1. Let me check against my output: what whole-number percent is the relative contact order of the chain, with C-alpha pairs under 8 Å and at least 6 apart?
2. What full-extension length gain, to one decimal in nm, is calculated for residue 268 and residue 184 as 0.36 nm per residue of separation minus the Cα-Cα distance?
3. Would you work out the relative contact order for the stretch 202-336, in percent, from Cα pairs under 8 angstrom that are 6 or more residues apart?
4. Measuring from label point to label point, each 7 Å out along Cα→Cβ, what is the residue 170 to residue 276 span in nm?
5. Using a 10 Å cut-off around each Cβ, can you sort 56, 314 from fewest to most neighbouring Cβ atoms?
6. Assuming 0.36 nm per residue, please report the length gained on full extension of the stretch residue 159 to residue 296 beyond their Cα-Cα distance.
7. Would you mind ranking 290, 161 by Cβ crowding within 10 Å, fewest neighbours first?
8. Under 1.5 on a/c is rounded, so check that first for the stretch 27-125, then, if it is not, pick prolate when a/b is larger than b/c and oblate when it is not; a ≥ b ≥ c are the square roots of the alpha carbon gyration tensor eigenvalues.
């Protein structure tokens, strides 16, 4: 099963046309200068008509829904351009958002939160793309939740813990969902596209680092449990380096090991506190290089969607930073 490359120049042109309508770096710099949320929203409305439905001082959830809808609209336009085989690959890729919906609902059930005003946000993706999950935001019990999961490919993951689902470690469950996603995507990439494999491989390496760091900082896990959270598709990160990370308990040694890896030339592991921001910046540049290059294959679609997701995060970080009166320096640290 091969992927056609004949149609990608026109798809790439379409993507560039779509991207031309997004906010530019200069627009975000201007947004950062605003003093109030009302001023920030007024500027967004003047820069892009997609923001016009927002109220003058909208809640965070309203902005998030609007940005999600813009991304969903892009996804629907892209899917229309693909052939059957490419759509299968594309929908495997965007299943990441399906997993995010499942995670959000499960977290709320686990915390005992009432699914009230946030229902719209949680139902947004299922109602438009993942029809098998439509209505999942209304579940009130684990049993109702599991009925929805039975319709999905994630059923085996939840089957293992269904008898003690109310006692499960949420991080471990989410980790299993993420591992499943990346392993399935890597199978496709290895079969079809080296550039896609490269982006995924680097993302997997960096996720392994972040997951391991989170668990070592916040959990009491055995070495075997730590190993179980990691993905086996090592790319530039050597297995020996991961073993060293597993073995060390000292922050200084941890930083030295990470700094000596392939990624040490791009990411400063001496400042672990903002590791996730640095990883996002690294991946963003990776996606942007792929998107801006003369690449005519499905990897450019993967790059585009991930790039837009990260840019949307910047918009949210600026508006919310202004809302909570953070300094411009504090906000800028969170940006790409």
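FYI, it's all coordinate maths here, none of it is from the lab. Not measured: the values here are computed from a predicted model. Virtual Cβ from ideal backbone geometry, glycine too; neighbours counted across all protein chains shown.
1. The normalised contact order for the chain reaches 19 percent.
2. Contour length minus the Cα-Cα distance gives 27.2 nm.
3. In percent, rounded to a whole number, it is 17.
4. Label at residue 170, label at residue 276, 1.2 nm between them.
5. Working: 56 11, 314 20.
Ascending Cβ contact count within 10 Å gives the list 56, 314.
6. Numbers: separation 137, 0.36 × 137 = 49.32 nm, distance 4.06 nm.
Extra length available between residue 159 and residue 296 comes to 45.3 nm.
7. 161, 290
8. Oblate shape, in that a/c is at least 1.5 and b/c is the bigger or equal ratio.
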